[in-house]
1. Across peptide A:35-43, how many C-beta atoms of other chains are within 10 Å of each residue C-beta, on average?
2. List the aspartates and glutamates whose Cα sits under 12 Å from the Cα of A:LYS197, skipping any in the same chain fewer than 8 residues away.
3. Between A:VAL281 and A:GLU232, what FRET efficiency comes out of the Förster formula 1/(1 + (r/R0)^6) with R0 = 56 Å and r the beta carbon distance, rounded to 0.05?
4. Just counting partner chain Cβ atoms within 10 Å, what average do the residues of peptide B:15-28 show around their Cβ?
5. Hey, which of these cross-link pairs are over 26 Å Cα-Cα: A:LYS16/B:LYS6; A:LYS236/B:LYS6; A:LYS228/A:LYS259; A:LYS16/A:LYS99?
6. Quick one: pull the percent of accessible area on the protein assembly as shown belonging to carbon and sulfur, 1.4 Å probe, ligands and nucleic acids left out.
7. Determine the distance separating the Cα centre of segment A:153-169 from the Cα centre of segment A:172-198; give it in Å without decimals.
8. Can you tell which of A:ASN128, A:ALA169, A:VAL284 lies farthest toward the positive end of the dipole of segment A:36-285, using +1 and -1 charges on the Cβ of basic and acidic side chains (Lys, Arg; Asp, Glu)?
Amino acid sequence: MTTQVTARTVPYKEKKPFDYSPFLRKGKLPHIWCAGCGHGIVLKSLLRAVDATGIAKDDLAMVSGIGCSSRTPGYVDFNTMHTLHGRATAFATGLKLAKPRLKVIVATGDGDAMAIGGNHFIHACRRNMDMLILVYNNYIYGMTSGQASPTTPEEKISTTSRYGSIEPAFDICELAKTAGATFVARGTAYHAQELEKTLYEGLMHRGTAVIDILDSCPTYYGRFNKYKNVAEMMDKIEKDGTVSVAQAAKLSPEKLEGKQLRGILHRSERLEYCDGYKNLVDRVTG
Amino acid sequence: MGEAAKKEWRIEIDARLCKGCEICAHFCPTKTLEIKGITMSVRDLSTCIGCQLCDIRCPDFAIQVFPK
Ligand SMILES: Cc1ncc(C[n+]2csc(CCOP(=O)(O)OP(=O)(O)O)c2C)c(N)n1
Ligand code: SF4
Ligand code: SF4
């Protein structure tokens, strides 16, 4: 397959609909996600961002673990790998080292990336492997019917926290930054156009880029926590529960209480792993 | 001088893909969309302003809005 993706012919802002079909595997829709699941909104933002970068489909590889979110590669017409639970970043690391020309995107859930795959995640960040890690963060294990994940907020109900979680939740962005990721951002499915821009920036970054994407699982998290419908979840968690970095600069600490920041939260430069590896080979083979 | 002609839109909903989650209807600023049975339908096309917010947040690739 040698199709080259041409840059978007019709700018989205001209109010013409975007044609997703060149990026999708024909005949795979409807996807398996439940009615209202945010994973599809995230996928659409990603496809628009990919188009904006002009990166050829053949130069992209999407790697995932196991979970509802990890089903994403099944729908996209890129090079794809659907691997083992928690191991997406490990497979992506191997793939990137074998084929450094590829732009590698990891699609992973909060359970996949933060629980069973926590170690792989932090070491990808530490090495500054060139890959874009998208954490579809719906605060729960969707695929296995709603167990608590490392990002389930305190007091929230899940199959394994029937009276409310008593564990503090991970802040994915803080973890990524501390572990060494050189691009760290947060977006939401509600802010789908802003997310498209953040994804574009993440795709253009060289090094480990992590985007924590607040997303919704109406089937389990929504139902357990008594949200009327998915729109209410998106309003309360993604819209009212976040502020952009720009808005936050103008708000008092009291107003920021309990809100998560959206946008690019950290950016730095340091040697990317494949470049370091090439330097090593050059030095040793001299 | 008459008023500039109001722009008209054509809304395409793919009933094969729509799962009736109602996200589009909830976030449509003009209440143009509604659920009918198990999928979404257009309540009144004349109110559509072509903002594309329904398409942007549809998780199922099911709705698109074209200039007429
Ligand atoms: C080694 C292993 N352990 C457990 C499972 C069961 N399992 C499948 S998906 C999943 C969690 C998925 O949650 P998350 O990554 O948050 O994705 P979501 O479904 O919410 O999108 C678990 C525990 C598995 N498939 N393999
Ligand atoms: S169970 Fe939750 S995460 Fe999985 S497809 Fe359904 S809504 Fe999405
Ligand atoms: S384009 Fe805007 S006004 Fe028209 S149906 Fe969609 S959300 Fe409503």
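The values are calculated or read from the model by the stated rules, or taken from the named source; none is laboratory data. This one's a predicted model, so the numbers in the text were calculated from it and none came from an experiment. So basically every Cβ, Gly included, is an ideal-geometry build from the backbone, and we count neighbours across all protein chains shown. Ligands, DNA and RNA are stripped out before the accessible areas are found, and what is left, the full protein with its side chains, is counted by its heavy atoms. Shrake-Rupley method; radii C 1.70, N 1.55, O 1.52, S 1.80 Å.
1. Values: counts 9, 7, 4, 3, 1, 10, 6, 1, 2.
The shielding value for this peptide is 5.
2. Hits, sequence-local ones excluded: A:ASP51.
3. On the way: r = 55 Å, r/R0 = 0.98.
Rounded to the nearest 0.05, the efficiency is 0.55.
4. Numbers: counts 0, 2, 4, 2, 8, 2, 10, 5, 13, 1, 1, 6, 5, 0.
Average per residue, whole number: 4.
5. Details: A:LYS16/B:LYS6 16 Å; A:LYS236/B:LYS6 35 Å; A:LYS228/A:LYS259 21 Å; A:LYS16/A:LYS99 36 Å.
With Cα atoms farther than 26 Å apart: A:LYS236/B:LYS6; A:LYS16/A:LYS99.
6. Values: 9090 of 16530 Å².
Answer for the protein assembly as shown is 55 percent, counting heavy atoms of protein chains only.
7. 24 Å
8. Checked the options; the winner is A:VAL284.
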